[in-house]
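Q: I have a structure I would like to understand better, so I am pasting it below and will then ask my questions one at a time.
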Ligand code: FAD
């Protein structure tokens, strides 16, 4: 392999004293890539008093950079440290999580190095001297391949692209690297603001009765809540219901909400926009109720009822209650 370095470097991500799962997944992915290139697997942990985190990644070598400014993630200090470190260690591929943090880090790092950025990658592999990323676009509707060659590439990796367990374990070595260039950083971590505690965790419910704009008003939610109750499940919804303030954000299914995989997902009055389908298409059993026979939700539903939810939901609730005795 000429041109591109053979080593693969993972930028670890952590919050409140815990490495994010994506860090282990990337370590696993790095092992695959390095096995193919004959290179080494490397990782970098930036933190303060967080050396223990560096001991958990199953790679050949972890670089640990300690500085009070690095205690929590902030873009400017991370970028200053990482660009220098990558120049010095010369990996061919840098893996960054396709996360809120990664989206801050990866483009700036690629720009600082003058390297291409392959983003939203489900997969990444070598093809000869080039590194090829398979990017998931338009909420998973399109997969695109892009190849990068040259000195190196920055790749952002989507969660779930490799098994986290293969990336857990003690590294071959942990090397302390002095933090340099952190004078006068322009962004600093001030405080961590946790989201409000969710009322129910819809990602853990076996049965979801999910409602969309077809429900028409907040007063009608009760009808769906009764069915959810009869089925021993919970109420979830499409985005307009949350935007209207009828249910809390924690109940939203889809691209900008939660991804759910219940045993039963009953969608009533939901059209099935791509952004909604992204959050529920892997449910075990999908039942859809919609007045429009052309509604896209029927494209993913296992059972579909073309009909009025105001007629069907109360009857269904009654039947479920009867069956339950
Ligand atoms: P509509 O599309 O208006 O559909 C209402 C449906 O109800 C229609 O199919 C209609 O036939 C049916 N209906 C009407 N009356 C009845 C009745 N009496 N009985 C039965 N059926 C009836 N959306 C999400 O859901 N989750 C997300 O996370 C999300 N994220 C987004 C992120 C981005 C960046 C963008 C651009 C959009 C996002 N959206 C998301 C919005 C998405 O594009 C759709 O606008 C939204 O999913 C539509 O919601 P809906 O199906 O409830 O409403």
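The values are calculated or read from the model by the stated rules, or taken from the named source; none is laboratory data. Computed from a predicted model, the values in this text were never measured in an experiment. Here the Cβ is made from the backbone with ideal geometry for all residues, glycine too, and neighbour counts use every protein chain on show.
Q: Would you point out which residue out of 85, 42 is within 17 Å of residue 182 (Cα to Cα), crowded, with 20+ Cβ neighbours inside 10 Å and touching a residue at least 40 places away in the same chain (Cβ under 8 Å)?
A: 85
Q: Quick one: in the stretch 279-312, which of the residues that are part of a helix (DSSP H, G or I) and in contact with a strand residue (DSSP E or B) (Cβ under 6 Å, 6 or more places away or on another chain) is nearest to residue 138 (Cα to Cα)?
A: First, pick out the residues of the stretch 279-312 that are part of a helix (DSSP H, G or I): 296-299, 309-312.
Filter once more, so that each one left must be in contact with a strand residue (DSSP E or B) (Cβ under 6 Å, 6 or more places away or on another chain): 297-298, 309, 312.
Numbers: 297: 17, 298: 20, 309: 30, 312: 34 Å.
If we take residues in the stretch 279-312 being part of a helix (DSSP H, G or I) and in contact with a strand residue (DSSP E or B) (Cβ under 6 Å, 6 or more places away or on another chain), then 297 is nearest to residue 138 (Cα to Cα).
Q: Could you pull out the residue among 230, 267, 273 that is under 23 Å from residue 140 (Cβ atoms) and touching a helix residue (DSSP H, G or I) at 6+ places or on another chain (Cβ under 6 Å)?
A: 267
Q: Among the candidates 266, 247, which residue alone is closer than 26 Å to residue 219 by Cα and in contact (Cβ under 8 Å) with a residue 40 or more places away in the chain?
A: Sole residue among the options that is closer than 26 Å to residue 219 by Cα and in contact (Cβ under 8 Å) with a residue 40 or more places away in the chain: 266.
Q: Hey, another quick one. Residues that are over 17 Å from residue 202 (Cα atoms), out of contact with any helix residue (DSSP H, G or I) (no Cβ under 9 Å at 6 or more places or on another chain) and either within 14 Å of the ligand (Cβ to nearest atom) or at pLDDT below 95 (or both): does the stretch 299-306 have at least one?
A: yes
Q: Also, quick follow-up: Of all residues in the stretch 108-147, which are in contact (Cβ under 8 Å) with a residue 12 or more places away in the chain, farther than 15 Å from residue 159 by Cα and part of a helix (DSSP H, G or I)?
A: Result: 108, 109, 110, 112, 113, 138.
Q: Give just the number: which of (1) buried (at least 19 other Cβ atoms within 10 Å of the Cβ); (2) in contact (Cβ under 8 Å) with a residue 60 or more places away in the chain does residue 220 not satisfy?
A: So the condition that residue 220 fails would be (1).
Q: Would you check if residue 223 is near the ligand (Cβ under 10 Å from one of its atoms) and at negative phi?
A: On the way: near the ligand (Cβ under 10 Å from one of its atoms): no; at negative phi: yes.
No: the conditions fail for residue 223.
Q: I need the full set of residues from the stretch 248-261 which are more than 10 Å from the ligand (Cβ to nearest atom) and at pLDDT 95 or above, in order please.
A: Selection gives 251 alone.
Q: While we're on this one: Are any of the residues in the stretch 27-47 in contact with a helix residue (DSSP H, G or I) (Cβ under 7 Å, 6 or more places away or on another chain) and modelled with pLDDT under 95?
A: Among the residues of the stretch 27-47, not one is in contact with a helix residue (DSSP H, G or I) (Cβ under 7 Å, 6 or more places away or on another chain) and modelled with pLDDT under 95, which makes the answer no.
Q: With respect to residue 236, determine if the residue is surrounded by 16 or more Cβ atoms within 10 Å (Cβ to Cβ) and modelled with pLDDT under 95.
A: Criteria not met by residue 236.
Q: Among residues belonging to the stretch 13-39 that are part of a loop (DSSP other than H, G, I, E, B) and within 24 Å of the chain's Cα centre (by Cα), point out the one that is surrounded by the fewest Cβ atoms within 10 Å (Cβ to Cβ).
A: Per the stated criteria, the residue is 16.
Q: Then there's this: Might you let me know whether the stretch 310-318 holds any residue that is surrounded by 20 or more Cβ atoms within 10 Å (Cβ to Cβ) and without any contact (Cβ under 8 Å) to a residue 60 or more places away in the chain?
A: no
Q: May I ask you to list the residues in the stretch 88-107 that are surrounded by fewer than 22 Cβ atoms within 10 Å (Cβ to Cβ), assigned to a helix (DSSP H, G or I) and touching a helix residue (DSSP H, G or I) at 6+ places or on another chain (Cβ under 7 Å)?
A: Residue satisfying the conditions is 104 alone.
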